[in-house]
Amino acid sequence: GAADDDRLPLFFGFFINPFEQEKVKSFASNFLKTLSTQEAFREHSGEFSSEKELNLEQYFHHEGPLHCTTKFCDGGKADGSGKYALQEVVKERYNSETKLSLTALMVTPRTLGTRVALTPEQLELWPEGGDTDGPAASVPGVGTLPVGSRAHVTLGCAMGVEAVQTGLDLLEAELLLKGDQTSDVRVELEQGALVYLGEGRWFLTLKEPMVVSAIFSGQSA
Ligand code: ACK
């Protein structure tokens with residue numbers, strides 16, 4: 001596996017089974033359709049775009065396999081990537097299958113993504129500093145969140161936005177959800193409870209988590 005190669009991958013993560021990717025994508029696109037029709041959302045659509053007709057499905061773009069990043073290595077340039085790759089648990093689990101539990105969908109003017117609830121076993125592959133490293137260091141209060149709070153699947157980014165933003169948006173959303181200030185905009189949908197977190201941020205906690213099969217692996221640049 002990549003863990004034994006001299007060169008480290010761009011990142012390690014859980015890669016959703018190609019067949020199940022379609023399930024996740026169509027769930028998300030159905031949700032975007034539902035969201036667009038909500039009166040509460042329409043009142044705030046100016047936070048996404050000044051255009052009159054906002055089409056959420058065209059607003060977000062995504063390329064490449066759907067995955068949940070565990071360790072961003074940047075080919076070895078990122079702090080702690082060599083140490084991560086050399087861990088027994090990383091080597092042992094490389095190319096092994098696991099089930100990912102997707103428990104929420106998040107939409108912001110920058111990103112569209114899911115929260116991933118990692119199991120204790122999956123958390124063994126979560127790196128030290130996984131929630132707080134890199135640009136996450138500048139999210140105020142990030143250290144108070146439970147380990148694994150940054151775990152996500154990026155489903156789309158707005159024009160000019162990098163995928164790394166999804167994890168940052170998720171951390172921010174979780175901090176807002178954890179705060180005392182309960183959102184006054186809450187809509188009960190068939191899929192779960194949708195809350196508005198301000199500044200164009202919407203969070204849908206799923207009634208039933210979506211469980212998808214994934215492979216722990218690495219992806220090169
Ligand atoms: O959606 P993601 O988790 O966000 O998947 C991609 C993947 O690595 C390949 O680019 C994530 N990523 C990029 N830069 C970073 C970073 N500095 N820290 C953590 N994850 C990152 C990106």
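Laboratory data are not the source of any read-out in this text; all were calculated from the coordinates shown. Since this is a predicted model, take the numbers as computed values, not measurements. Because the Cβ atoms are built from the backbone with ideal geometry, glycine has one as well, and the counts that use them run over all protein chains shown.
Quick notes on this structure:
- So Gly160, is it touching an Asp or Glu at 6+ places or on another chain (Cβ under 7 Å) and not polar (S, T, N, Q): no
- Candidate set from the range 113-125 (those that are of a type outside the set (Ser, Thr, Tyr) and buried (at least 20 other Cβ atoms within 10 Å of the Cβ)); member that is farthest from Thr70 (Cα to Cα): Gly113
- Residue within the range 81-89 that is within 15 Å of the ligand (Cβ to nearest atom) and within 19 Å of Val164 (Cβ to Cβ) present: yes
- Verdict on Ala214 being within 16 Å of the ligand (Cβ to nearest atom), surrounded by 13 or more Cβ atoms within 10 Å (Cβ to Cβ), over 22 Å from Glu47 (Cα atoms) and small (Gly, Ala, Ser): yes
- Residues that are without any contact (Cβ under 8 Å) to a residue 60 or more places away in the chain, closer than 20 Å to Pro209 by Cβ and within 16 Å of the ligand (Cβ to nearest atom) do not occur anywhere in the range 175-186.
- Qualifying position, being among the aliphatic types (A, V, I, L, M) and either on the phi > 0 side of the Ramachandran plot or within 14 Å of the ligand (Cβ to nearest atom) (or both), among Ala104, Ala151: Ala151
- Scoring Ser29 on the criteria (1) polar (S, T, N, Q); (2) in a helix (DSSP H, G or I); (3) within 13 Å of the ligand (Cβ to nearest atom) leaves a single failure, condition (3).
- Some residue of the range 133-150 being surrounded by 22 or more Cβ atoms within 10 Å (Cβ to Cβ) and free of Cβ contacts under 8 Å to residues at least 40 places away in the same chain: yes
- Number of the condition not met by Met159 [criteria: (1) part of a loop (DSSP other than H, G, I, E, B); (2) under 25 Å from Met210 (Cβ atoms); (3) more than 9 Å from the ligand (Cβ to nearest atom); (4) not small (Gly, Ala, Ser)]: (2)
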